[in-house]
1. Quick one: would you say TYR57 is in contact (Cβ under 8 Å) with a residue 24 or more places away in the chain and touching a helix residue (DSSP H, G or I) at 6+ places or on another chain (Cβ under 9 Å)?
2. Can you tell me which residues in the range 123-134 are without any contact (Cβ under 8 Å) to a residue 60 or more places away in the chain, open to solvent by 20 Å² or more (accessible area, probe 1.4 Å) and closer than 18 Å to PHE63 by Cβ?
3. For the range 63-76, how many residues are open to solvent by 40 Å² or more (accessible area, probe 1.4 Å) and either in a helix (DSSP H, G or I) or under 10 Å from VAL96 (Cα atoms) (or both)?
4. From the list ALA175, ALA142, which one is buried (at least 16 other Cβ atoms within 10 Å of the Cβ) and of a type in the set (Gly, Ala, Ser)?
5. Name every residue in the range 121-162 that is among the hydroxyl-bearing types (Ser, Thr, Tyr) and under 17 Å from GLY203 (Cβ atoms), in order of residue number.
6. Among the residues of the range 84-110, how many are free of Cβ contacts under 8 Å to residues at least 60 places away in the same chain and crowded, with 17+ Cβ neighbours inside 10 Å?
7. Going residue by residue through the range 25-40, is there one that turns out to be modelled with pLDDT of 95 or more and charged (D, E, K, R)?
8. Of the residues that make up the range 191-205, is at least one open to solvent by 20 Å² or more (accessible area, probe 1.4 Å), basic (Lys, Arg) and modelled with pLDDT of 95 or more?
Amino acid sequence: MKTLKFLVGIALVIAVSAFAIDKVSISETKGGYAVGNAATDFKLKNVDNTLVSLSDYTDAKGFIVIFTCNHCPYSVAYEDRIIALDKMFKNEGYPVIAINPNNPKAYPDDSFDNMKVRSKEKGFTFPYLFDEGQLIYPQYGATKTPHVYVLEKTKEGNIVRYIGAIDNNYKDAAAADNKYVEDAVNALLKGEKVPVEVTKAIGCSIKA
């Protein structure tokens with residue numbers, strides 16, 4: 001009987017330990033922000049050589065933070081739509097803040113100097129920031145370019161309200177019938193709940 005109790009006790013210890021390890025590994029691999037989290041501010045260099053923070057935008061109601069880059073064909077395909085989002089929502093209080101998270105040693109096309117060239121060529125109407133040292137994108141949990149985080153400015157901080165793709169058709173803007181970012185910001189401007197809070201970001205993997 002004592003032997004049986006001992007064996008049961010050992011089995012329980014093993015089970016609890018396994019569960020604890022499982023929980024740790026899940027929490028460690030999940031990473032980044034979830035909808036409802038407060039996003040911390042940052043101070044990153046813009047293509048005009050100024051430093052930009054979210055706190056600089058005192059009149060903003062929120063932000064459309066987009067991790068993007070120069071070389072990725074998905075990012076290139078979305079550039080005009082990113083410009084359109086900024087023009088559509090900047091004056092409504094939701095400016096676009098674009099951040100290049102890639103390591104330029106891995107992809108020289110994504111160097112800071114080439115960011116300046118690309119911004120000028122396309123006529124970017126928004127800041128295009130360099131995540132030097134790759135410190136910011138892991139905080140957000142971004143994995144792709146482009147990867148979008150819509151933030152709402154509140155008394156509790158910049159709260160994440162949407163994470164994912166810009167829309168559901170990277171090949172053709174006209175064929176996209178689910179405009180996730182546009183719908184999210186319009187809902188927030190009306191004081192409504194974002195209709196789709198999380199989608200899968202489609203793009204190139206971020207280069208470390």
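1. Numbers: in contact (Cβ under 8 Å) with a residue 24 or more places away in the chain: yes; touching a helix residue (DSSP H, G or I) at 6+ places or on another chain (Cβ under 9 Å): no.
Spelling it out, it is not the case that TYR57 is in contact (Cβ under 8 Å) with a residue 24 or more places away in the chain and touching a helix residue (DSSP H, G or I) at 6+ places or on another chain (Cβ under 9 Å).
2. THR125
3. So in the range 63-76, the residues open to solvent by 40 Å² or more (accessible area, probe 1.4 Å) come out as 71, 73-74, 76.
Remaining after also requiring either in a helix (DSSP H, G or I) or under 10 Å from VAL96 (Cα atoms) (or both): 73-74, 76.
Qualifying residue count, the range 63-76: 3.
4. Details: ALA175 fails: buried (at least 16 other Cβ atoms within 10 Å of the Cβ).
Of the residues listed, the single one that is buried (at least 16 other Cβ atoms within 10 Å of the Cβ) and of a type in the set (Gly, Ala, Ser) is ALA142.
5. Within the range 121-162, the first condition is being among the hydroxyl-bearing types (Ser, Thr, Tyr), and the residues that meet it are 125, 128, 137, 140, 143, 145, 149, 154, 162.
Selection gives TYR128, TYR137, TYR140, THR143, THR145, TYR149, TYR162.
6. 8
7. So in the range 25-40, the residues modelled with pLDDT of 95 or more come out as 32-39.
From what's left, charged (D, E, K, R): none.
No, there is no match, as no residue in the range 25-40 is modelled with pLDDT of 95 or more and charged (D, E, K, R).
8. Among the residues of the range 191-205, at least one is open to solvent by 20 Å² or more (accessible area, probe 1.4 Å), basic (Lys, Arg) and modelled with pLDDT of 95 or more, which makes the answer yes.
The values are calculated or read from the model by the stated rules, or taken from the named source; none is laboratory data. Given the structure is predicted, the values throughout are model-derived calculations rather than measurements. A quick note on method: Cβ atoms are made from the backbone with ideal geometry, for glycine too, and the neighbour counts reach across all protein chains shown. Ligands, DNA and RNA are excluded from the accessible area calculation, which covers all protein heavy atoms including side chains. Shrake-Rupley method; radii C 1.70, N 1.55, O 1.52, S 1.80 Å.
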